[in-house]
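Inspection log for the structure reproduced underneath, given as structure tokens.
Just so you know, all these numbers are worked out from the coordinates, no wet-lab data involved. As the structure is a computational prediction, the values presented were derived from the model and not from experiment. Every residue, glycine as well, gets a Cβ built from its backbone with ideal geometry; the counts of neighbours run over all protein chains shown.
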Amino acid sequence: MGVASSLWLLAGCQTTLPGPYPWAEGWREATVLRTEPADKLSASAWVDCREALSPETVSKLQFAEVEYHDVGGQRRAITLIRPDSMIQAKERVVFNVKDCTKALEAQAKKAAR
């Protein structure tokens with residue numbers, strides 16, 4: 001099997017998220033590595049939602065470092081957590097790699113929608 005065929009097959013496996021979380025719109029399944037204030041998380045990630053916000057805004061919000069699989073391999077992202085969220089490390093979530101204004105959501109909520 002050629003590289004192009006392998007990538008196509010891998011992409012095909014990753015494009016079906018159940019419910020209202022379309023892959024093409026940027027939704028990915030991930031595992032939370034940790035939740036911390038922004039300044040305590042990794043300095044870099046494939047997707048870093050802190051970059052789109054002012055330092056003042058970032059200092060007031062809670063973020064999660066997540067690990068997910070994309071067509072290019074395993075990646076990490078820093079994404080926003082809702083203020084009332086109870087999400088913890090090792091939890092499975094969905095988040096949006098294209099839109100940082102959409103906070104991550106727990107898998108259980110995904111299935112209930």
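Quick rundown of the values:
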{"item": "Formal net charge of residues neighbouring Thr35 (Cβ-Cβ distance under 12 Å; K, R +1; D, E -1)", "result": "+1"}
{"item": "Karplus (6.51, -1.76, 1.60) ³J(HN,Hα), θ = phi - 60°, over the range 37-50, in Hz, Gly and Pro reported as x", "result": "x, 3, 6, 9, 8, 3, 6, 9, 7, 4, 10, 10, 5, 5"}
{"item": "Added length on full extension, which subtracts the Cα-Cα distance from 0.36 nm per residue, Asp39 to Ser59", "result": "6.4 nm"}
{"item": "Three-way shape label, the range 37-113, alpha-carbon gyration tensor, a/c 1.5", "result": "oblate"}
